[in-house]
Amino acid sequence: AVTGILAFAGALLMGIGGGIGLVGTLLAIAGAVLYVLERTGHPVVSRLGKTGVSQNVIAYHKASGPLAFRATARVAHYDSPRAELLAREPYASYRALIAKLLPVATVAPAAVAILRILPLPGALKVLLWIVAILASLVALANAANIISNRYILPYTSGAVCNKSSVAAMLGVMDNV
């Protein structure tokens with residue numbers, strides 16, 4: 001979410017010019033760098049978040065008796081997640097497209113910011129600015145989805161989650 005917000009803010013500010021344009025350029029580049037680091041297994045932003053307490057169910061049955069040949073363990077999550085904005089209509093159909101375009105949409109504003117430093121005609125700089133803003137809207141949509149999922153939308157009911165499966169699993173383990 002942070003990288004998407006940085007990409008959008010950078011794209012929006014880079015075309016203003018002066019000190020604000022420089023801040024926008026730096027924000028766009030920072031968003032792209034952080035995104036690439038996160039995606040390549042070098043987490044920076046994701047390390048800063050807090051980890052939550054989880055409620056998971058673990059059932060273990062030790063093999064016993066003359067016919068037993070292996071132990072059985074089953075694990076299922078019991079905690080219900082929050083609802084997701086891109087999992088609901090009318091936005092669900094855009095989920096795959098956003099996921100596919102996200103890498104380009106996060107890095108493109110930084111590339112445009114670097115191109116805008118070159119001595120290009122003013123009309124081309126404006127066109128590049130518009131392209132950067134349009135591309136960053138995809139990253140902003142993904143950021144809105146993440147933020148609404150973590151802080152705004154309600155939790156799903158247990159039936160939507162895995163609670164019914166956990167109950168069935170515990171019943172099976174009890175009978176085993």
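The values are calculated or read from the model by the stated rules, or taken from the named source; none is laboratory data. In this text the structure is predicted, and so the values were computed from the model without any measurement. No Cβ is skipped: glycine too gets one built from the backbone with ideal geometry, and neighbour counts run over all protein chains shown. Calculation scope for accessible area: heavy atoms of the full protein, side chains included, ligands and nucleic acids excluded. Shrake-Rupley method; radii C 1.70, N 1.55, O 1.52, S 1.80 Å.
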A1 vs (1) at pLDDT 70 or above; (2) surrounded by fewer than 17 Cβ atoms within 10 Å (Cβ to Cβ): all pass except (2)
Sort through L85, L102, L48, L120 and tell me the only one that's open to solvent by 40 Å² or more (accessible area, probe 1.4 Å) and modelled with pLDDT of 90 or more. L120
Which of the residues belonging to segment 14-36 are of a type in the set (A, V, I, L, M), farther than 26 Å from L85 by Cα and surrounded by fewer than 20 Cβ atoms within 10 Å (Cβ to Cβ)? I16, I20, L22, V23, L26, A30, V33
Collect the residues in segment 1-48 that are in contact with a Phe, Trp or Tyr (Cβ under 9 Å, 6 or more places away or on another chain), assigned to a helix (DSSP H, G or I) and of a type outside the set (A, V, I, L, M, F, W, C), keeping them in residue-number order. T3, G4, G31
